[in-house]
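Take a look at the structure below.
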Amino acid sequence: MRLYPLLLISLLLLFSACEKKRVPVTASCLDIHKSRSDDHSHTAQKKELTSLQHQYDECGTVKCCELYIENVIAEGSAVLGLPAGVMDGGYATPKDAKKIAAYVMTLSGKSPSHPNYVEDGNLYYNGNCGGCHGDDGKGLGGTYPDLTLPLLKGAGLLKGKIAKDITSLKAKLKQ
């Protein structure tokens with residue numbers, strides 16, 4: 001009977017690992033190796049949970065909201081289900097989007113990450129965004145997203161999805 005070199009090396013490593021632990025090479029030895037794999041998977045899930053909890057905590061912060069606004073300006077948005085429908089992307093350059101996001105933070109009474117962008121952001125907002133969101137940012141009676149809310153609607157949807165993912169992952173970890 002001829003064994004392939006890779007298979008032979010794998011078997012030798014398995015046997016030597018079991019000998020070091022003084023475990024007879026049996027099905028229980030193979031279970032130990034499977035258990036290590038499960039432990040690795042469990043560790044990966046714990047890391048993912050930590051990452052999700054961090055994302056959840058960050059969602060709604062000024063920096064997160066600014067990034068969300070910049071992304072919507074660049075990419076557009078079709079997830080809010082408002083009467084106005086889809087917002088196409090590309091309404092401003094990335095640099096101008098940062099300025100608009102800084103200004104939008106002031107509409108909800110928050111201090112933006114870059115206060116020096118607010119003045120220019122006001123001009124860009126009124127030229128690009130105010131026609132739909134209104135000069136006050138309230139969304140023209142719900143036709144468009146209200147940008148004065150403490151947690152923007154899209155960021156709230158994201159936070160809800162993250163919360164569901166956390167709950168699901170915690171359930172997996174309990175198994």
Open item on the list: I'd like the full set of residues that are in contact (Cβ under 8 Å) with a residue 60 or more places away in the chain, more than 16 Å from residue 60 (Cα to Cα) and assigned to a loop (DSSP other than H, G, I, E, B), limited to region 135-175.
Closed with: 143, 144
Task: Members of region 110-134 found to be in contact (Cβ under 8 Å) with a residue 24 or more places away in the chain, assigned to a loop (DSSP other than H, G, I, E, B) and surrounded by fewer than 21 Cβ atoms within 10 Å (Cβ to Cβ), listed by number - done: 110, 111, 113
Open item on the list: Condition first: more than 12 Å from residue 73 (Cβ to Cβ), surrounded by fewer than 17 Cβ atoms within 10 Å (Cβ to Cβ) and polar (S, T, N, Q). Can you find one or more residues in region 90-102 that meet it?
Closed with: no
Open item on the list: Residue under question is residue 90, and the condition is that it be at pLDDT 90 or above and not aliphatic (A, V, I, L, M); does it hold?
Closed with: yes
Task: Residues satisfying the stated conditions in region 74-102, i.e. touching a Phe, Trp or Tyr at 6+ places or on another chain (Cβ under 6 Å) and touching a residue at least 40 places away in the same chain (Cβ under 8 Å) - done: 84
Task: Residue within region 54-73 that is at pLDDT below 90, within 20 Å of residue 156 (Cα to Cα), charged (D, E, K, R) and out of contact with any His (no Cβ under 8 Å at 6 or more places or on another chain) present - done: yes
TODO: From (1) part of a helix (DSSP H, G or I); (2) crowded, with 16+ Cβ neighbours inside 10 Å; (3) in contact (Cβ under 8 Å) with a residue 60 or more places away in the chain, pick out the condition that doesn't hold for residue 105.
DONE: (3)
Open item on the list: Regarding region 157-166, can at least one residue be identified that is of a type outside the set (Ser, Thr, Tyr), modelled with pLDDT of 90 or more and over 30 Å from residue 50 (Cα atoms)?
Closed with: no
Open item on the list: I'd like the residue in region 71-89 that is β-branched (Val, Ile, Thr) and surrounded by fewer than 16 Cβ atoms within 10 Å (Cβ to Cβ) and, out of all such residues, is farthest from residue 160 (Cα to Cα).
Closed with: 86
Open item on the list: Looking at 84, 44, can you tell me which residue is more than 21 Å from residue 159 (Cβ to Cβ) and not in a helix (DSSP H, G or I)?
Closed with: 84
Open item on the list: Looking at 56, 68, can you tell me which residue is of a type in the set (Phe, Trp, Tyr), out of contact with any Ser or Thr (no Cβ under 6 Å at 6 or more places or on another chain), within 22 Å of residue 106 (Cα to Cα) and crowded, with 17+ Cβ neighbours inside 10 Å?
Closed with: 68
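The values are calculated or read from the model by the stated rules, or taken from the named source; none is laboratory data. What you see is a predicted model; the values in this text were computed from it and never measured. Glycine gets a Cβ as well: all are built from the backbone with ideal geometry, and neighbour counts include every protein chain shown.
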